[in-house]
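Reviewing the structure listed below.
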Amino acid sequence: MSRPSHRPSASLLESKFQPQVGARAQISRARLAPPDALVTGHVKAVTVVAPTGYGKTTLMAQWYAALASDPSRRVDVAWLNLDANDNDPPRLLRYLYGALGKCVPTLAADAIREITQTADLSVMLEDLSIRLAAHVRSIVLFLDDAQVITSTDAVQIIEWLLSRAGTELRFVVGSRQTVGWPQSELRLRGQLLEIDQRALAFDQDEARSFCSARLPRALDPAALASLLQKTEGWPAAMELLTLALSETPDAGRLIADFATTERGVLEYLSDAVFGRLPVEQRALVHQLAQFDRFCAELAAAALGQRSPDILFAELQRRHLFLIPLDRQGRWFRFHHLVGEYLRRHDPREPSAISASLAAGGQWLFDHGMVDDAIDCAVRAQRWELACRWLLKAAEDSAQRLGDGANLMRWIPAIPGEVLDRHPLIRLSHVFSLVFKRAAPEFERELADLEALAERLKQDPAADRAAVEELLCALPVQRMMWEGLRDNAANLRAQAEAWIAAWPKARARYRGDVHNVAAFACKSDGDIEAGLAYATQGEALQQADNGQFGVSWSKVLRAVLLLKRGDFRGALAVADAGLQHIAERLHGHPEHAAYQQGVRAAVLYEFDDIAGSSLALEASPDALDDRGIADFMLLTYLSRARLQFLGGQPDAGLAALQLGRKLGQRRGLPRVCVTLAGEECVWLCRLGQVPAALELARAQDFDRTMHPQYGMVADKAARVAPRLLMGEQPEMAIAQLGPALVRATEKGFHHRRVELLILHAAALLRSGRTAEALQSWRVAIELGERFGYRRVFLDDMDIVATLNHATRGSEGIRLPAWLKATAPRAASRGEEALTRKELRVLKYLETGASNREIADSLFVSEGTLKWHLHNVYRKLECRSRSGAIAAARRQGLI
């Protein structure tokens, strides 16, 4: 049986991206034409704020049509209807991609992408802004019903779009109340145009035209003035009034009664309109209004109505605020104003309303609309039904695809005591929190669930299978949490103990633990065991359709191969991983970035500098604050090395220092130590030995002997020999001995080559030429075997000395690429700005501060300064104004 989808049907999806207005002709608001400043001027956003029924959507739809049909304006238009469900950030982002995909071809393919809770919002917004920046035409995005967006994360998305998404994206925002995100900045800059209910209320001419178009006989001026005063120009009241007048034989009496009534305008007119419907038809209208949207099949399932299409036709004939949602005329909803009135006045008992919502929810669930189904069950307070559907959705999405959107959204709506009866839902919630990196929430929820598991274990009435699964799976969540925090201490022993204790556990759980074991083996340096665990983990995940787990297995395999020095193998796995992510995980941005990080490191070593730069460019800067430790290392090492290669040592050192600071802030000691070791190495290569020695002492890299092998000792093996080589080459040889033995025994080929190069240089300085040439020969042979280049070329001073010593020596054949040449530095005139640097340049043009630009790009100010340094260098300038002037001369802005 196919699994339920979390997306609406194609026709409903399409309805999100087009104006939803009633079929009845609407009066033109000529005095409220689309402002030219929105398209060609300085206006960034227009807000249309008024209570329900003032014609916000009608006005916006007219603007949308006017802009879309006028090619002279050279503007693209997009539309998104918002609803309360869009407070779920992944869902909102998915629909934003869909709406803007109507204008931007690179977004169109991702219109229904699975943006998941495991994907960071900042990463996705960075991806969105990059694609928008590449679009050459201005876009006006219409957002209707913005008042429904209330969650912090969803508000952050809209706020970011309004203030940070670039100058070519403009907005028209319709809302029933003042929107919940800051507008002061736009207002101060004169970039905000505000339209309120006073501007939308009918004036006398509009009211006369409106009534003339809808009534068989014109109203006399006195009656019209009286009605206009009573309704205060409220278009919805005028619409209801004309409906009531068209159905009554005594229009004069209704007008007089209405003008003097003390009842609310909406209540009076709604009763006048809907109270005249036949009893059966009126009951069905109230029942339909319980659903946010409906079709004939849903009505038949929920209400037992055999011919609902006849009802729909009658409602449309009467123009009773029934709004079609798709071009096929299958799906409808009531106007918000009328829908709320009909729900409030549903004459049925609450139990009957609950029953119809449950029946309708079942139909929605059976037809793949899981969100809508759970919404019906929650509104009906059918908690067991909601939990059954949510459990199915959680199993399919959260743990197999890494998408915890449903869980994050619905768990707060279901009473805690009900969730305690469905502990597997809470288990999936914990799984989602692991990858959301929400530490306090994860610790609290895991502790609560562990306590629940202990209580259920003692309860003879508890579902034994569910209790057993809890006891099995909770340690898995803890192990994955520690792995993502880069805490490998005792993790392998824990994983292997679990595997032995739970041989018949679900394949998905066993796959997760095998991945944990693979990570722990990488940290221990046991590459073969790690690869075996990762391979077996991938097979177990595949057996349970755990595509998210399969992707993790591939990431781990790529990193394991990279550590072993099998760069070709790592590149092949990374490419396969990217293909899997594209085909099975809808381009999951974080996992794609992890594999691109591997590619950047491998291609750099293969001296494919253009390829390495492109791979690095594909990784979002926003992942700096979220990505796994290995990704951070690969990214910052590649950034720095590309800068050194480009003849920019200060920028290279700055990149390493920035990475170290970020590692300290995130509590990742391996990142800090590794990048400090790399900085020491480059300081030595640059001849800045005193600075290298100072840093080495601070990190304890300068010790000749470490009591036990660990992270610091591993980096010291790269650093200390360089510091000792000048005056104490024999000490350097002694330091390199144990490290070379370890690299050889562990099969760390790349590390072995680097150490062999240092070993040969130290032996040569000690006058032990024959031994030096032997080490040099082995290094060259290994380099040729595995395709290494930069490990030699980055130490060109040492390599040149060793090459000179080989003259006349038999048995050493130097490859052509290893002939001593000056280090390559790119010509500044030939260097093109990267996509990220072009985005920075466009923000510079707006006059935004460093903090504002950094916030817009979701990076730290340190990362922004690194980008600015590159921009200034490539444009051969020293300031913002100089960069803007140079960019204009070159046609970049």
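For this structure, a couple of remarks:
- Virtual spin-label span in nm between V279 and R189, 7 Å along Cα→Cβ: 6.2
- Dipole orientation for the chain: of the candidates A213, L763, T801, T801 has the Cα lying most toward the positive pole (charges on Cβ; Lys, Arg +1; Asp, Glu -1).
- Net charge of neighbours whose Cβ lies under 10 Å from the Cβ of L675, counting Lys and Arg as +1 and Asp and Glu as -1: +2
- Relative to the longest principal axis of the Cα atoms of the chain, the long axis of helix 861-875 makes an angle of roughly 70 degrees.
- Estimated FRET transfer efficiency (A225, A134; beta-carbon r; R0 35 Å; 0.05): 0.05
- Peptides ranked, highest mean first, by Cβ atoms within 10 Å: ranges 768-778, 66-76: 768-778, 66-76
- Remark: the stretch 606-647 carries a charge dipole of roughly 80 debye about the Cα centre, counting +1 on each Lys and Arg Cβ and -1 on each Asp and Glu Cβ.
- Counting only alpha carbon atoms, the long axis of helix 89-100 and the longest principal axis of the chain meet at about 80°.
- Net dipole in debye of the chain [+1 Lys, Arg Cβ; -1 Asp, Glu Cβ; about Cα centre; nearest 20]: 1720
- Whole-number accessible area per residue in Å² for the stretch 723-801, which is evaluated in the context of all protein chains at 1.4 Å: 41
- A quarter of the convex hull surface defined by the alpha-carbon atoms of the stretch 596-644 gives 2.9 nm² as the mean projection.
- When the Cα positions of A572, Y54, L337 are compared along the charge dipole of the chain, A572 comes out farthest toward the positive end, with charges on each C-beta of Lys, Arg, Asp and Glu.
- Prolate/oblate/rounded label for the stretch 572-679 (Cα gyration tensor, a/c 1.5): oblate
- With respect to the chain, whose longest principal axis is taken over its alpha-carbon atoms, helix 527-543 is tilted by about 20°.
- One Cα centroid belongs to the stretch 794-810, the other to the stretch 117-196; the line between them spans 59 Å.
- At an R0 of 30 angstrom, the distance between the Cβ atoms of D153 and D463 translates into a FRET efficiency of 0.30.
- For the stretch 502-647: rounded, prolate or oblate by the Cα gyration tensor [a/c cutoff 1.5]: prolate
- Simple point charges give the picture: +1 on the Cβ of Lys and Arg, -1 on the Cβ of Asp and Glu, and for the stretch 488-562 a dipole about the Cα centre of about 200 debye.
- The slack in the chain from E454 to L814, taken as 0.36 nm per residue of separation less the alpha-carbon distance, amounts to 122.9 nm.
- Sorting the segments 283-289, 576-582 by their residues' average number of neighbouring beta-carbon atoms within 10 angstrom, most packed first, yields 283-289, 576-582.
- Packing-based ranking, highest mean first, of 329-336, 202-209 given that Cβ atoms within 10 Å are counted: 329-336, 202-209
- Each of F17, V719, V179 was scored by the projection of its Cα onto the charge dipole of the chain, and the greatest displacement toward the positive side belongs to V719; charges sit on the C-beta of Lys, Arg, Asp and Glu.
- Expressed as a whole percent, the accessible area of the chain that falls on carbon and sulfur atoms is 51 (1.4 Å probe).
The values are calculated or read from the model by the stated rules, or taken from the named source; none is laboratory data. These numbers come from a predicted model, not from an experiment. Ideal geometry is used to build each Cβ from the backbone, glycine not excepted, and the neighbour counts take in all protein chains shown. These area figures cover heavy atoms from the full protein model, side chains too; ligands, DNA and RNA do not enter into them. Shrake-Rupley method; radii C 1.70, N 1.55, O 1.52, S 1.80 Å.
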